[in-house]
Amino acid sequence: MAADSSSQNSKILLTGIRASGDIHLGNYLGAMRQALQLQTKYQSYLFIANFHGLTTTPKAEELRKHTRSIAAAWLAAGVDTKKTVLWKQSDVPEVLELAQVLTCLTSVGLLERAHSYKDALAKEKIIKAGILFYPVLMAADILLYNSDFVPVGKDQAQHLEMTRDMATYFNETYGTTFTLPEALILEDVATIPGTDGRKMSKSYNNGIDLFASEAELKKQIMGIKTDSKGLDDPKVAEECVVYQIFKLIAGKSESDEMKRKLEAGGYGYGDAKKALLAKFLEDFGAMRKEYDRWMKDTAALDQELARGAVQAREKATKMIKRVREVVGL
Ligand code: AMP
């Protein structure tokens, strides 16, 4: 659902990105772009979910690198830290305290219904408890800041419902404390397809990474799976992942032109991929430069995060104080 256009400046928007890999187009179009567009409208809280990043057990250096990389991505994409709060999750440990409280109100049955848990069950022999409890920590992330709106991709819709369930149990048990947050999911970018046609995901290795080197990007885009139609064959544009992605970043006239060419025949998938790569570099060129600048100046980056952490913690501390009071700690 999209946020309505009436003035709601006192409302709070919050979203996070897991520090478990590089930012891909799905993250940007599904969650980041929407959050950035709304930062002038709502008091915005954007964070790098590095506790969540631990679920994949990365090496310490890797986790630190992903954390900085996502912070640089937010800054390069246009976070205005004069107004918006940007911090890394682990700088506000109160989130773990709230997660513990919520854990005691949440049934295992609810958590076992999470798609993320079911996916892990299908893939892994041993499921870490962190995967099962992921929706609780996510609920704590959201409720700690009394968030009204949470811009996310469709894959997070169920977790948002669970957050509302947890907030409701809490409010019914201890008295109204939390706002029930609303997911902001934009239909046309709810699930961005990856290079293999499945949902673009860090864990499927099918991403088009916003800040990859040009050579790597070329490899990713030229590697998009297509059917076996030859250069001269007419193609079905809507079934072609290259076109599906092109349409999301190019304007209407350019995407209509690609559609017409694909459907007419004499225009190959390779041509479409080259057009996508060129469009990608044109659209994200300035952002990619800014990202490189932030990644080179880690002192400035860390300073931004430290400043954000103070602001985030101030708000979190107030909520935790209230939670402690109402639950009797
Ligand atoms: P994650 O990388 O799992 O932390 O996801 C960060 C944000 O990106 C969440 O709001 C996700 O819903 C969103 N997201 C991730 N992959 C996609 C995708 N393929 N399409 C749309 N949104 C996505």
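Here, each number is a calculation from the coordinates, and none is a lab measurement. The shown structure was predicted, so the numbers you read here are calculated from the model rather than taken from an experiment. Here the Cβ is made from the backbone with ideal geometry for all residues, glycine too, and neighbour counts use every protein chain on show.
A few notes on this one:
- Other-chain or far-sequence residues with amide H under 5 Å of residue 12's (modelled H): 148, 149
- Gap separating the Cα centres of region 262-310 and region 130-170, nearest whole Å: 29
- The value given for region 1-153 is a Kirkwood hydrodynamic radius of 16.4 Å, derived from the mean inverse Cα-Cα separation.
- Against the main long axis of the alpha-carbon atoms of the chain, helix 60-77 sits at an angle near 70°.
- Rounded to the nearest whole angstrom, the semi-axes of the ellipsoid equivalent to region 187-252, taken from the Cα gyration tensor as √(5λ), stand at 20, 15, 12, largest first.
- Between 237, 309, 49, the Gaussian network model of the chain with springs among Cα atoms under 10 angstrom shows the greatest mean-square fluctuation at 237.
- Proximal aspartates and glutamates to residue 235, defined as alpha-carbon separation beneath 19 angstrom and excluding residues fewer than eight positions away on the same chain: 196, 227, 254, 256, 257, 263, 271
- Our note on the geometry: Cα centres of region 193-256 and region 20-35, 16 Å apart.
- Taking only the Cα atoms of region 81-191, the radius of gyration and Dmax are 14.6, 46 Å.
- For the chain, modelled as a GNM whose springs connect Cα atoms under 10 angstrom apart, the maximal fluctuation among 88, 59, 154 occurs at 59.
- Karplus 3J(HN,Hα) series, Hz, for region 305-314 with 6.51 cos²θ - 1.76 cosθ + 1.60 (x for Gly, Pro): 5, 5, 5, x, 4, 4, 5, 5, 5, 4
- Pair residue 122, residue 298: separation of 7 Å Cα→Cβ label points (nm): 3.8
- When the P(r) is computed for the chain, the part past 30 Å accounts for 38% of the Cα-Cα pairs.
- A viscosity of 1.306 mPa s and a temperature of 10 °C, combined with the Kirkwood radius over C-alpha pairs in the Stokes-Einstein formula, give region 214-290 a diffusion coefficient of 125 µm²/s.
- Length, then width, then depth: along the principal axes, the Cα atoms of region 235-329 run 70, 37, 19 Å.
- Full extension of the chain between residue 254 and residue 108 yields a length gain of 47.6 nm, computed as 0.36 nm times the residue separation minus the alpha carbon distance.
- Rounded to the nearest 20 debye, dipole of region 214-290 from Cβ charges on Lys, Arg, Asp, Glu: 140
- Residue with peak Gaussian network fluctuation, the chain [Cα springs, cutoff 10 Å], from 50, 206, 171: 171
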